[in-house]
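Data block below; observations after.
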Amino acid sequence: MAAIPDADPPRRPARIAVVDLARGMAIVAMVVYHTAFDLAGNGLIATDVATDIHWKVFARTIAGTFLALVGIGLVLASRNGLNWRAYLRRLAFIAGGAALVSIATFWFDRTTFVFFGILHEIALASVLALPFLWAPVWLTALAAAALIVAPLGSPLALSFAWGPIAFTLAPLASPVFDQPWLWWVGLSTVTPVTIDYVPVFPWFGVVLAGVVLGRMGLPYAERLAAVQPRDVVSRLLMLAGRWSLAIYLVHQPLIVGALYVFTLLNPPSEAFLRERWVGQCTPACVGDRTEQACTTLCGCLFNGLYGTDLYSMRATTDMTPEQQTRWDALVDRCRAAAP
């Protein structure tokens, strides 16, 4: 008796070029941001990319774009039925990449390593979003809104009424989530020190927003699949979009290595470093002092720190008792010079 063959897996739907194009544009923007971030970290540009509001908005826009595309991609990949083999293979690659990022950043600097960055969020969201691929769209939209709103500050509370049912959605951030092992949730009252932090709240809400957009756009999927940009730039961006994970994993080591060699051959001048230091220090100083007094204070601190082991210290908590004593003496001397 002949064996009954296994059912064929769902047919893999055609790729939609505009989605790859959007992902490629996001990956290029990410490389631009990380290049600027590393330039600032090496003292090659005066702007503090980590704290500048424009760069922060740029970074969050990039992350939001990637996560929304995750939701859209899940919808498109499952429109003919979910191919579990392809799904699990993709999930394994992403989870493996997330683990690699955590290990590499922990080895590089365990005080700021990536314990839950964008790859970790994509891997978890790819699992959590599965029920929403078939849930009512209105429910998915409501869940997305709740996830995005929940971590916001205490002044915000939203009230909903639907017939006889009424409820208030209040912010959920709580000291209960301040334990480090719960930071991945995103509802703590403190911001963890890490170079990439993309917790479930609010970012899973962005993934669900992508699911909503994808499901609303499903009737137009075949029409979009017919759009195939032919120009060279678009084709390169689409190629980058298809290989976004590989680019994400290799681009930072390449940038860091290139900048390391560059700074060895072309170290920044003392005048440039002084201007950058004073520019970052002065806004944090202004309060009970005038801007001129803060400029004097910050210049004094730079003069006392530059060329010493204290210059590279990131925080006073990293200092030895002897270094702390020298730091305190320098601060007292500079404060006296800039009352």
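The values are calculated or read from the model by the stated rules, or taken from the named source; none is laboratory data. These numbers come from a predicted model, not from an experiment. Because the Cβ atoms are built from the backbone with ideal geometry, glycine has one as well, and the counts that use them run over all protein chains shown. Heavy atoms of the whole protein, side chains included, go into the accessibility calculation; ligands, DNA and RNA do not. Shrake-Rupley method; radii C 1.70, N 1.55, O 1.52, S 1.80 Å.
Of note:
- Remark: the Leu128-Thr111 segment gains 3.2 nm on full extension, using 0.36 nm per residue and subtracting the alpha carbon distance.
- Between the residues Leu142, Pro219, Val190, the greatest Cα displacement towards the positive end of the dipole of the chain, with unit charges on the Cβ of Lys, Arg, Asp and Glu, is found for Pro219.
- Placing dummy labels 7 Å off each Cα toward the beta-carbon, the span from Phe93 to Ala225 is 2.0 nm.
- Between Val233 and Arg274, the C-beta separation translates, for a Förster distance of 25 Å, into a calculated FRET efficiency of about 0.05.
- Inter-label distance, nm, simple model (7 Å from Cα along the C-beta direction), Thr263/Arg60: 2.8
- Size of charge dipole - region 216-310 - debye, nearest 20, with Cβ of Lys, Arg +1 and Asp, Glu -1, no other charges: 480
- Additional length obtainable on full extension of the chain from Trp181 to Leu142, 0.36 nm per residue less Cα span: 11.3 nm
- Label point distance in nm, Val256-Ser312, each placed 7 Å from Cα along Cα→Cβ: 1.5
- Point-charge dipole on Cβ atoms (K/R +1, D/E -1) for the chain, about Cα centre, debye to 20: 1240
- On the chain, 67 percent of the accessible area sits on carbon and sulfur atoms, based on a 1.4 Å probe.
- Under 14 Å, Cβ to Cβ, from Met238 - net charge with Lys/Arg +1 and Asp/Glu -1: +3
- Per residue accessible area of the chain, 1.4 Å probe, in Å²: 59
- Lys, Arg +1 and Asp, Glu -1 on Cβ, resulting dipole of region 27-103 about Cα centre, debye, nearest 20: 540
- Pro321 sits among other residues whose Cβ lies under 15 Å from its own Cβ, and their net charge, with Lys and Arg +1 and Asp and Glu -1, is -3.
- For Met30, the accessible surface of its heavy atoms amounts to roughly 10 Å² (probe 1.4 Å, protein chains only, rounded to the nearest 10).
- Applying a length cut-off of 30 Å (Cα extent along the axis) and a mean Kyte-Doolittle floor of -1.0 to the DSSP H helices of the chain leaves 17-41, 53-77, 84-108, 244-265.
- Ranking of Phe113, Phe106 by solvent-accessible surface, largest first: Phe106, Phe113 (1.4 Å probe, protein heavy atoms only, all chains present).
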